[in-house]
Amino acid sequence: MAGNKSYTIVEYFGGDDGYRCGYCKNQIGNFSHGMWSHTMTVQDYQDLIDRGWRRSGKYVYKPILKKTCCPQYTIRCHALKFQPSKSHKKILKKMSKFISKGELPKGEDNGEPMDSGCGEAGPREPSKVKCPAIKDIQNEVAECPAIIEGQTKAGDAAPTGSETSQKDPVSVPDVRTAAAAPKPGMGADPSRPPCRKAKDLRKERRLQKEQIRQHTDGVSSIVSPAQPTPTHTNQPKPLEEFINESLPENSSHCLEVRLVPVNFEDPQFASSYEQSAALYARYQMAIHGDDPSECSDSEFRRFLCDSPLEAEYSPDGPEVGYGSFHQQYWLDGRIVAVGVIDILPTCVSSVYLYYHPDFASLSLGSYSALREIAFTRQLQKQSPKLSYYYLGFYIHSCPKMRYKGQYRPSDLLCPETFVWVPIERCLPQLENSRYARFNQDPDAGDARVLKDVGRALVLYRRTVMPYAAYSRKRKGSSDETEVQQYAGLVGQDCAERILLFRS
């Protein structure tokens with residue numbers, strides 16, 4: 001077996017027990033299927049989140065939408081077509097004003113939750129995981145007979161992170177480095193067009209807004225995201241211009257965004273770990289009212305540092321590679337916020353955000369989401385198919401969580417056919433019913449529906465084999481119902497690639 005090939009190894013748990021819902025606080029109303037992932041390739045995770053799964057640390061779960069109290073639908077934003085709304089521009093301007101003049105806005109942010117990811121509502125993994133330690137399992141796979149090679153489809157051929165040295169993490173330019181504003185008294189700026197009447201400008205802006213609205217309403221999820229938007233002379237100001245708005249030379253503050261891989265061998269991650277963990281504890285206690293024991297160092301590590309994703313590098317992928325990262329917001333030399341993200345083959349997936357409570361009035365949840373959309377656009381220039389920003393789950397039945405639908409154009413994932421449907425078409429259905437099938441075609445089905453459970457791969461006694469061979473070996477095995485359920489949830493393609501641990 002090729003030594004450099006990565007595999008996803010999971011242990012599946014059913015979804016019979018209800019647990020506390022972090023959204024409506026129902027003590028036993030939240031239901032989901034779950035599996036513990038010892039290791040996972042980025043392609044497998046991409047395919048799983050495109051079937052409604054999501055991770056919390058190394059625990060990967062899929063809400064049971066017909067049964068759970070607050071149905072959670074996977075949502076993605078078309079990063080390349082995104083245009084900031086009026087409230088988004090306000091947030092970006094508020095940050096620019098704070099950096100340049102140093103004054104924090106008065107009052108709290110009005111109503112938008114700060115977690116751009118799964119928030120505190122994600123389920124905890126079962127306390128006892130029956131699998132042996134990860135190293136033992138990886139040894140088992142390394143020693144597996146070559147039976148696997150003929151059965152699995154080729155995964156990513158890219159070498160894993162251990163074979164490619166990680167360069168210095170990408171540091172998004174300091175916002176102060178943008179061109180300085182012209183000094184007063186220097187006359188007209190020759191690089192700008194001549195002045196025009198306010199009436200004409202207003203008329204033009206109205207037309208632009210109408211064009212954007214029509215364009216957004218008509219976006220189809222089938223349109224190739226890699227196609228650049230046609231340029232018009234009256235094109236609205238892009239997101240990047242609002243983020244990098246020119247600031248005076250003598251700005252009161254300096255904000256820098258650093259991307260660091262979640263890896264204790266990375267010097268930047270290791271050196272900032274203590275500061276980052278302390279900030280997480282402070283945030284959880286102040287914003288979520290957690291007890292100190294609930295945001296200990298081990299809890300932080302389990303929830304936001306432990307990731308099943310294997311770092312991968314690909315010739316046609318982003319320079320930073322794929323995997324799990326922390327995007328650290330450094331203000332005047334200290335970390336004030338951290339966005340936890342996964343970089344996957346076709347998207348940047350937001351996992352969580354935590355920040356210093358003193359800066360709550362800067363709307364850091366929204367600000368970080370806008371920065372992450374801009375970051376997705378930056379990565380797309382290096383890797384054309386990476387063009388979506390996943391905001392986790394959209395929960396229409398929880399008014400506080402509807403804000404995710406404001407990052408448009410966006411799609412929701414149909415829970416039955418797993419195709420993406422523009423959110424505008426889904427909202428009327430969700431107004432009528434908590435659970436909805438978004439695909440309007442009654443004959444459409446799941447393209448990756450389970451056809452043959454016998455071809456699902458299992459890892460049993462240091463050997464990888466199809467489930468059919470495992471059943472013959474274990475005469476009278478009583479786990480067929482469980483394996484059938486698992487394989488149906490991950491789909492035929494993933495079932496034939498992912499190794500399901502059998503003890």
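The values are calculated or read from the model by the stated rules, or taken from the named source; none is laboratory data. Please read all numbers here as calculations on a predicted model, not as lab measurements. Here the Cβ is made from the backbone with ideal geometry for all residues, glycine too, and neighbour counts use every protein chain on show.
This table checks each residue for (1) modelled with pLDDT of 95 or more; (2) within 16 Å of Asp332 (Cα to Cα).
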{"site": "Glu245", "(1), (2)": "no, no"}
{"site": "Leu255", "(1), (2)": "yes, yes"}
{"site": "Leu259", "(1), (2)": "yes, no"}
{"site": "Val262", "(1), (2)": "yes, no"}
{"site": "Glu265", "(1), (2)": "yes, no"}
{"site": "Ala270", "(1), (2)": "yes, no"}
{"site": "Gln275", "(1), (2)": "yes, yes"}
{"site": "Leu279", "(1), (2)": "yes, yes"}
{"site": "His288", "(1), (2)": "no, no"}
Over the range 424-438, the set of residues hydrophobic (A, V, I, L, M, F, W, C) and assigned to a loop (DSSP other than H, G, I, E, B) is Ala436, Phe438
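Each row is one residue, and each column tells you yes or no for (1) more than 23 Å from the chain's Cα centre (by Cα); (2) without any contact (Cβ under 8 Å) to a residue 24 or more places away in the chain.
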| residue | (1), (2) |
| --- | --- |
| Pro422 | no, no |
| Leu427 | no, no |
| Ser433 | yes, yes |
| Val458 | yes, no |
| Ala468 | yes, yes |
| Ser471 | yes, yes |
| Asp479 | yes, yes |
Tell me the residue from Asp446, Asp441 that is surrounded by fewer than 18 Cβ atoms within 10 Å (Cβ to Cβ), in a loop (DSSP other than H, G, I, E, B) and out of contact with any Ser or Thr (no Cβ under 7 Å at 6 or more places or on another chain), please. Asp441
If we keep just the residues of the range 381-400 that are at pLDDT 95 or above and of a type in the set (D, E, K, R), which is surrounded by the fewest Cβ atoms within 10 Å (Cβ to Cβ)? Lys381
If you go through the range 478-503, how many residues are surrounded by 14 or more Cβ atoms within 10 Å (Cβ to Cβ) and among the hydroxyl-bearing types (Ser, Thr, Tyr)? 1
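Which of the residues that make up the range 35-48 are touching a strand residue (DSSP E or B) at 6+ places or on another chain (Cβ under 8 Å) and surrounded by 22 or more Cβ atoms within 10 Å (Cβ to Cβ)?
If the condition is that a residue be touching a strand residue (DSSP E or B) at 6+ places or on another chain (Cβ under 8 Å) and surrounded by 22 or more Cβ atoms within 10 Å (Cβ to Cβ), then Met35, Ser37, His38, Met40, Thr41, Val42, Tyr45, Leu48 are the ones that fit.
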So which residues in the range 378-409 are touching a Leu at 6+ places or on another chain (Cβ under 6 Å) and farther than 13 Å from Ile423 by Cβ? Leu379, Gln380, Leu386, Ser387
Any residue in the range 422-435 that is small (Gly, Ala, Ser) and surrounded by fewer than 16 Cβ atoms within 10 Å (Cβ to Cβ)? yes
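So in the range 3-34, with the set limited to residues that are surrounded by fewer than 19 Cβ atoms within 10 Å (Cβ to Cβ) and touching a residue at least 60 places away in the same chain (Cβ under 8 Å), which one is nearest to the chain's Cα centre (by Cα)?
Filtering first and then ranking leaves Gly22.
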Can you pull out every residue in the range 449-467 that is surrounded by 13 or more Cβ atoms within 10 Å (Cβ to Cβ) and touching a Gly at 6+ places or on another chain (Cβ under 9 Å)? Leu450, Val453, Pro466, Tyr467
Wholly inside the range 21-130, strands (runs of 3 or more DSSP E) that include 1 or more residues that are modelled with pLDDT of 95 or more and of a type in the set (Asp, Glu) are none
Please verify whether Tyr403 is touching a Cys at 6+ places or on another chain (Cβ under 7 Å), surrounded by 15 or more Cβ atoms within 10 Å (Cβ to Cβ) and closer than 30 Å to His88 by Cβ, treating the condition exactly as stated. no
Please determine whether any residue of the range 272-280 is within 26 Å of Lys25 (Cα to Cα) and over 17 Å from the mean Cα position of the chain (by Cα). yes
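Do the conditions hold for Glu416, that is, is it closer than 30 Å to Met40 by Cα, more than 14 Å from the chain's Cα centre (by Cα) and among the acidic types (Asp, Glu)? Give the derivation first.
Numbers: closer than 30 Å to Met40 by Cα: yes; more than 14 Å from the chain's Cα centre (by Cα): yes; among the acidic types (Asp, Glu): yes.
Here the answer is yes, as Glu416 does meet what is asked.
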Only one of these conditions is not met by Gly52: (1) buried (at least 20 other Cβ atoms within 10 Å of the Cβ); (2) on the phi < 0 side of the Ramachandran plot. Which number is it? (2)
I'm trying to understand the selection: among the residues of the range 379-423, which are touching a Gly at 6+ places or on another chain (Cβ under 9 Å), under 16 Å from Asp50 (Cα atoms) and in a loop (DSSP other than H, G, I, E, B)? Leu386, Pro415, Glu416, Thr417, Phe418
